[in-house]
Amino acid sequence: LKTIHIPANITEIKRNTFCSCRSMESISLPNQLISIDDHAFDYCYALKTITLPDSVTEISDTAFYKDITICANPDSYAKTYAAGHQLKFICMVHGSLAIDPAIPATCTEYGLTAGSHCSVCNTVVTEQTPTPLKPHNWCEKITKAPTQNAAGKKVCTCTKCGTTKIETIPKLDASDPENSGLPKIGSTHSISGSRYKITKSNKKNGTVEFTKTNSSKSAFKIPAAVKINGITYKVTSIGKGAFKNKKTLKNITVGSNITAIGANAFQGCKNLKTITIKSKKLTSVGKKAFQGIKSNARIKVPSKKLKDYQALMKKKGQKASVKITT
């Protein structure tokens, strides 16, 4: 026997009735059933799950083999029996669902979609499925500049998770006019009383870091780009301590190409009241970058980047009263 249907007028299943029916895979029990006696379903190894109606109020301690799963309503005697005999239990109808919240992915760990399970029997109703990894946000630092004779190296660090990798920078092509007569990486250049350090030397895609200014004006603007020897370089970072203790500084505008603000960049600028950030590319802000600026200062950022920048600039030395707004 593989499938059995018990007629509606049956109220008892007596001792050993289906004992050792090892091929039985399913059985339908009537709603009038009251009791199940000793070994009634013992050794029924193919019967993985049995559904018991609410009418069942008497079950022998030895009615089932130990690996069977009881399916019934959560407020039935069958659930109490299953719990008392260490048998698996699932609800016939999952009426009380618990939400399994979604887990966002990071660049090192997969996430999960939202799901749900029955709060009574823990059966998964909506399965949580993995979501893909987020991309790393690499911040590059050249440790060895390439030349025409040797390859260079750069350290790439993810600003989100801290993962680090080392990459090789190919040797410069001696026949390429782009690579002739350019300033060396790390060299500094003075422009209108401010100093800039070459971070990438290239005629088309060169970049510099703003490192210092001699200006004593109350308002200052870090440009989006500067020209050095007739070549345009994007200003992509503000160096460590670039404006440290500039007590005359009250207002500053940060150019549209800035991706990084170094540690202590504005530390001790006690009269700095307004910082306007034009860049939508900012990915890192160093420790204590805003320590000591005015307690009622405002850091103005692009509206589309407000939430991202509020998180990025949190606890960078400024007092809690300093607002990050659009």
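The table below lists the values:
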item	result
For the stretch 172-326, radius of gyration divided by Kirkwood radius, i.e. Rg to Rh on alpha-carbons	1.01
Distance between the stretch 248-273 and the stretch 113-170 - C-alpha centres, whole angstrom	30 Å
Probe 1.4 Å, accessible area per residue of the chain, Å²	56 Å²
Computed E for Ala224/Glu109 - FRET, C-beta separation, R0 45 angstrom, nearest 0.05	0.80
Projected-area average for the chain over all orientations - Cα convex hull basis, square nanometres	27.0 nm²
GNM flexibility winner over the chain from Lys160, Lys270, Lys14 (Cα, springs under 10 Å)	Lys14
Local electrostatic count at Cys44 - Lys and Arg +1, Asp and Glu -1, tallied over other residues with Cβ under 12 Å	+1
Percent antiparallel among DSSP beta bridges (both partners in the stretch 197-238, rounded to 5)	65 percent
Formal net charge of residues neighbouring Ile275 (Cβ-Cβ distance under 9 Å; K, R +1; D, E -1)	+3
Long-range HN-HN contacts of Asp100 with modeled amide H, under 5 Å	Gly115, Ser116, His117
For the stretch 135-242: rounded, prolate or oblate by the Cα gyration tensor [a/c cutoff 1.5]	oblate
Mean Cα-pair separation over length for the stretch 115-253, i.e. relative contact order, pairs under 8 Å, 6 or more apart, %	13 percent
Of the trypsin sites (Lys or Arg not before Pro) in the stretch 28-91, those whose Cβ has at most 14 other Cβ within 10 Å and which sit in DSSP loop	Lys48, Lys66
MRE, 222 nm, helices only [DSSP H, n ≥ 4, -39500 (n - 2.57), over the chain, to nearest 500]	-1000 deg cm²/dmol
Rg(Cα)/(2.2 N^0.38 Å) for the stretch 220-287, N = residue count	1.11
GNM top mover of Pro302, Pro135, Pro30 - the chain, alpha-carbon springs below 10 Å	Pro30
Under DSSP loop assignment and at most 16 Cβ neighbours within 10 Å, longest GluC sites (Glu not before Pro)-free interval of the chain	128-326
Whole-Hz ³J(HN,Hα) from phi, Karplus 6.51 cos²θ - 1.76 cosθ + 1.60, for the stretch 126-138, glycine and proline x	10, 6, 7, 10, x, 10, x, 5, 7, x, 5, 10, 7
Net +/- balance of residues flanking Thr113 in space, Cβ distance below 12 Å, scoring K and R +1, D and E -1	-2
Nearby lysines by direct alpha-carbon distance to Lys14 (threshold 26 angstrom, same-chain neighbours under 8 apart not counted)	Lys2, Lys48, Lys66, Lys79, Lys88
For the chain, share of DSSP beta bridges that run antiparallel, in % to the nearest 5	50 percent
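The values are calculated or read from the model by the stated rules, or taken from the named source; none is laboratory data. Note that the structure is predicted; figures quoted are calculated from it, not measured. Neighbour counts are summed over all protein chains in view; Cβ atoms, including those assigned to glycine, are modelled from backbone coordinates with ideal geometry. Protein only, heavy atoms only, side chains kept; ligands, DNA and RNA dropped before computing areas. Shrake-Rupley method; radii C 1.70, N 1.55, O 1.52, S 1.80 Å.
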